[in-house]
Every structure is written in structure tokens, then in C-alpha cells.
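Beneath this line is the structure, given in C-alpha cells, with notes to follow.
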Amino acid sequence: METMSISRSPKESFVITGGGGYFGHRLGCRLHQSGVSVVLFDVRKPAQDLPDGLRFIQGDIRSLVAVEEAFIGATCVIHTASYGMSGREQLQTALTEEVNVKGTENVIRACISKNIQRLVYTSTYNVVFGGQIIKNGDESLPYLPLNRHADNYSRTKTIAENLVLNANGRKLANNGGCLRTCALRPAGIYGPGEQRHLPRIINTLELGLFKFLYGDPHNLVQFVHVDNLVSAHTLAAEGLTDERRHVAAGQPYFIADGEPVDNFEFFRPFVEGLGYKFPTVRLPLFLIYFMAHLTEWVHFLISPVYNFQPLLTRAEVYKTGITHYFCLEKAKKELGYEPMPFTMHDVVDWYRSQGYGKRVKGYSLLWDVGLLVLLIVALFAWVPSVVGLDL
């Protein structure tokens with residue numbers, strides 16, 4: 001990736017909420033390399049080492065006091081912190097609400113009280129997508145009604161994006177200017193060292209549970225490499241400046257690598273690169289949807305005793321099994337976003353270098369039988385409910 005031009009002023013100081021996570025840490029390191037003063041703010045410390053001069057402040061985004069203290073002296077905030085994106089986290093509705101909505105409210109209040117003029121929000125495709133087919137959608141699409149979301153993460157991210165964009169133009173505490181905001185809606189993130197989605201895929205492979213594909217074989221979705229997403233965020237921050245005439249102020253942008261791809265074929269190099277067999281059996285989407293729904297109910301009942309990791313949630317079935325992709329022209333035209341080409345090969349190389357790869361499991365037959373039973377139960381659950389299902 002090219003060196004960023006965001007360090008045009010020695011007074012630039014960025015705070016990245018969620019800076020302890022995979023993307024926040026990578027974004028912070030890239031900004032730091034360009035000469036910008038960077039503070040990473042998160043409830044958890046980064047798993048990776050921090051370069052000299054890159055600061056980390058530990059704190060909870062749900063605490064306004066902690067957020068305001070972290071924002072002192074900042075000229076721009078990039079708000080990436082969120083909760084409940086996938087797996088069992090997606091089923092913890094109360095915490096998701098607190099982090100995504102209350103946390104965002106705190107970020108906006110702190111920007112105003114600390115006279116910070118720029119706020120970039122990391123949103124999601126899910127603010128407009130909830131299981132319906134979308135082909136080449138753009139930013140004119142309306143928000144999905146809150147009651148149509150299959151998960152609380154998508155619902156709360158929609159609320160939070162609204163809060164951020166509606167805060168655009170609000171007067172700062174010193175009456176010396178106003179807050180400029182924008183929101184980026186990325187596709188699914190991948191890259192070397194990604195620690196949310198890819199480890200779950202690896203765990204599924206190791207347990208011998210990746211036995212089938214599902215949905216229409218012609219379904220298309222999009223992904224975004226972490227470095228392209230880093231580039232988009234820095235460009236968005238630039239787009240809120242006086243020099244760029246606040247071109248991004250009040251605007252949402254879809255961000256992805258480019259052309260849509262088949263979800264399962266996209267991961268084929270990853271699966272086979274780690275030494276696993278890629279499945280050929282394809283099951284109907286409705287069956288997987290009801291299996292996920294059943295799994296969510298089981299999780300609800302037993303999570304106080306055992307907080308297990310679901311194989312899939314309903315929202316994840318939507319995202320992986322139904323066509324939805326978006327036009328990137330607005331981001332290209334207004335922000336100057338030009339995604340670089342990436343493949344899964346560098347991702348495979350990283351995971352193999354960390355010791356990941358096919359291992360022999362002595363209990364694969366047990367998992368096969370358990371998976372078959374779950375599919376049969378889901379099928380029987382589907383029969384009385386199929387009328388009216390809109391998939």
C-alpha cells in the first residue's frame with residue numbers, strides 16, 4: 001500500500017476506539033508509520049506488540065469519563081469499537097446494545113465536549129441488508145427496518161450509524177466550529193492474522209464439521225482486505241477536512257475489494273491451503289437457516305451453564321448464503337478510494353506460519369453423527385413453518 005498523506009500537519013492526533021482489535025491495531029500502526037500521533041483506546045490490550053511511540057489507553061467505551069479522558073488533545077476520532085459481530089457474541093443482546101449504542105453516544109458527546117472536529121465511524125453492510133437479495137446496491141438504499149434484523153448487532157449498528165450521521169454539523173463546546181462525521185460500511189474483513197472469522201472457520205475444519213455448502217451456487221457477496229479498509233478510513237478522515245471541503249461530511253460509503261465473488265469459492269484457497277478437503281455436497285438454504293435458528297434457541301437455554309460457540313447464526317446464514325453486493329463508485333469518486341488486489345494466499349501463508357493446518361481428530365465420527373441429527377431436527381422444525389418464509 002502507498003504511504004498515506006494524512007500526516008500533512010504535525011498537530012494531527014488520532015484516537016482509535018477498538019484499537020486493541022485486529023483492524024483497529026492495524027489502522028493505528030499504519031497511521032503511526034505515516035507520522036501521525038495515535039492513541040489506541042480499548043477495553044482489552046492488543047495481542048500484538050506496539051511500535052515505539054504508539055500509545056494505548058485501556059478503558060471501557062461505555063464510560064463517558066474514560067472516553068473523554070482518552071480523547072483529550074485529539075483532532076480526529078475513528079470509532080471502530082463494537083460488540084456482537086459474530087458467533088456467540090451475536091447472541092449477547094444486552095452487552096451488544098450497551099457497547100454499540102451507548103458507546104457511540106459517548107463517543108459523540110466526547111467529541112463535542114473535547115472540540116474534536118472529525119469522527120469516522122466503522123459501520124457495516126448490515127444496516128441495509130437483512131436477508132433480501134441486493135445486487136449492485138448503493139448508498140441511496142434505505143435502512144432496513146429495525147424489526148427486520150435477525151440479530152441485535154445489525155440493529156444496534158443501524159442505530160449507531162444514524163446517531164453518528166445525525167451528529168454531523170453539531171456545534172462544538174467551544175463554539176469554534178462543528179463536528180464533521182461520516183460512516184464506512186465494510187464488507188466482511190479478511191487478512192493475515194484476522195482473529196474473528198477465520199479462526200472459527202479453522203475450528204470448524206478441525207472438528208470435521210465443514211461437510212457441506214448451502215444456498216444457490218450462484219450467490220455473490222463481497223469481502224474487503226484489511227489493508228484496503230485501512231486505506232478507506234484514512235481517506236474518509238481526509239474527506240472531513242477543510243482542505244477537502246468536507247466532501248465526506250454526513251455521508252455513508254460502502255467499502256469492499258471490488259467485484260462480488262462466490263462466498264464459498266472465495267474461501268476454497270484457505271480451506272485447501274490448510275490441507276482440508278473442500279466439500280461438494282450442497283444443502284438447501286432453508287435447512288441451514290432453521291438449524292441456525294434451532295442452535296440459537298439451544299444457546300439461549302443453556303448459555304448460563306455452557307456458553308458454546310454456535311456453528312452458524314441466522315444472520316451469518318444470510319450473509320454467507322444470500323446475494324448482496326454494492327457499488328463502490330461513491331467511495332471512489334468522493335474519497336479517492338482505489339482498492340488494491342489481494343488474494344487468500346498471503347492469509348494462508350500467515351496461518352500456516354503460525355502452525356495451523358490439518359490435524360487428525362479421533363472423534364470426527366461423533367461430530368458427523370451429531371451434525372446429522374441436528375440437520376434432521378432442523379428439517380422437522382421447518383416442515384410446519386415453511387409457509388411465509390422469505391428466503
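The values are calculated or read from the model by the stated rules, or taken from the named source; none is laboratory data. It should be emphasised that the depicted structure is a prediction, and the values quoted were computed from it without experimental measurement. Please note: Cβ atoms are built from the backbone with ideal geometry, for glycine as well, and neighbour counts cover all protein chains shown. Note: areas computed on protein heavy atoms with side chains; ligands, DNA, RNA excluded. Shrake-Rupley method; radii C 1.70, N 1.55, O 1.52, S 1.80 Å.
Quick one: Debye curve from the C-alpha atoms of the range 224-326, no solvent, what's log10 I(q)/I(0) at q = 0.10, 0.12, 0.18, 0.21 Å⁻¹?
For the requested q values the scattering log ratios are -0.51, -0.69, -1.02, -1.13.
Check SER13: other-chain or 5+ apart residues with amide H under 5 Å from its amide H, H built from backbone geometry?
Hits under the 5 Å cutoff: THR75, CYS76.
Count the net charge of all other residues whose Cβ sits under 12 Å from the Cβ of PHE290, scoring Lys and Arg as +1 and Asp and Glu as -1.
Value of the local net charge: 0.
What is the sum of charges around LEU64, taking Lys and Arg as +1, Asp and Glu as -1, for the other residues whose C-beta is under 12 Å from the C-beta of LEU64? Could you put the intermediate results ahead of the total?
Details: positive: ARG62, LYS102, ARG109, LYS114; negative: ASP60, GLU68, GLU69, GLU105.
Overall, the nearby charge balance is 0.
Can you tell me the relative contact order of the range 231-316? Whole percent, Cα pairs under 8 Å, sequence separation 6 or more. Don't skip to the end; give the middle numbers.
Values: 33 pairs, mean separation 13.3, N = 86.
Computed value for the range 231-316: 15 percent relative contact order.
Scan around GLY137 for amide H atoms under 5 Å from its own, H built in the peptide plane at 1.01 Å from N, and keep only partners 5 or more places away or cross-chain.
Residues meeting the amide H criterion: TYR325, PHE326, CYS327.
Starting from 0 in steps of 10 Å, tell me what percent of the Cα-Cα pairs of the range 168-229 lands in each bin.
Pair shares across the bins are 16, 26, 26, 14, 11, 7, 0.
Give the Rg (one decimal place) followed by the Dmax (whole number) of the chain, computed from C-alpha coordinates and expressed in Å.
21.2, 67
Out of all DSSP beta bridges in the chain, what portion is antiparallel? Express it as a percent rounded to 5.
Working: 2 of 36 bridges.
So the antiparallel bridges in the chain amount to around 5 percent.
From the phi angles alone, apply the Karplus equation (6.51, -1.76, 1.60; θ = phi - 60°) to the range 329-340 and give each ³J(HN,Hα) in whole Hz, x where the residue is Gly or Pro.
Listing the rounded values in order: 4, 5, 5, 5, 6, 8, 9, x, 6, 10, x, 7 Hz.
For the range 157-271, rounded, prolate or oblate, judged on the Cα gyration tensor with a ≥ b ≥ c (square roots of eigenvalues), a/c < 1.5 rounded, else prolate if a/b > b/c? Show your work: numbers first, answer last.
Numbers: a/c = 2.80, a/b = 2.66, b/c = 1.05.
Prolate is the answer for the range 157-271, as a/c is 1.5 or above and a/b outweighs b/c.
Describe numerically, in nm with one decimal, the distance between label points set 7 Å from Cα along Cα→Cβ at ASN162 and at ASP346.
According to this spin-label approximation, the distance is 3.9 nm.
Taking all protein chains together and a probe of 1.4 Å, list TRP350, TRP297 from the most accessible to the least accessible.
Highest to lowest solvent-accessible surface, that is TRP297, TRP350.
Output wanted: per-residue J couplings in Hz (rounded whole) for the range 309-317, from phi through Karplus 6.51 cos²θ - 1.76 cosθ + 1.60, θ = phi - 60°, x for Gly and Pro.
With coefficients 6.51, -1.76 and 1.60, one gets 8, x, 5, 8, 9, 4, 4, 6, 5 Hz.
Please report the relative contact order for the chain, taking Cα pairs under 8 Å with a sequence separation of at least 6, and give it as a percent rounded to a whole number.
Details: 738 pairs, mean separation 65.4, N = 391.
That works out to 17 percent.
Using modelled amide H (1.01 Å from N, peptide plane; none on Pro or chain starts), what sits under 5 Å from the amide H of GLU194, excluding residues fewer than 5 places away?
none
What's the whole-number percent of alpha carbon pairs in the range 34-149 lying beyond 23 angstrom? Intermediate results must be reported in sequence, preceding the final value.
Numbers: 2746 of 6670 pairs.
Looking at the range 34-149, the distances longer than 23 Å represent 41 percent of pairs.
Per DSSP helix of 4 or more residues, -39500 (n - 2.57); summed, then divided by the residues of the chain. What does that give at 222 nm, rounded to the nearest 500? Mind dumping the intermediate values first?
On the way: 12 runs with 137 residues, N = 391.
Value at 222 nm, helices only: -10500 deg cm²/dmol.
For the range 284-299, in order, what is each residue's ³J(HN,Hα) by Karplus, 6.51 cos²θ - 1.76 cosθ + 1.60 with θ = phi - 60°, in whole Hz (x at glycine and Pro)?
Residue by residue, the range 284-299 yields x, 4, 4, 5, 5, 4, 6, 4, 5, 4, 4, 4, 4, 5, 4, 4 Hz.
How far, in degrees from 0 to 90, does helix 103-113 lean away from the longest principal axis of the Cα atoms of the chain, to the nearest 10?
That helix lies at roughly 10 degrees to the long axis.
What does the extension gain come out to for VAL298 and GLN195, with contour length at 0.36 nm per residue minus their alpha carbon separation? Could the numbers behind the result be given before it?
On the way: separation 103, 0.36 × 103 = 37.08 nm, distance 2.54 nm.
Contour length minus the Cα-Cα distance gives 34.5 nm.
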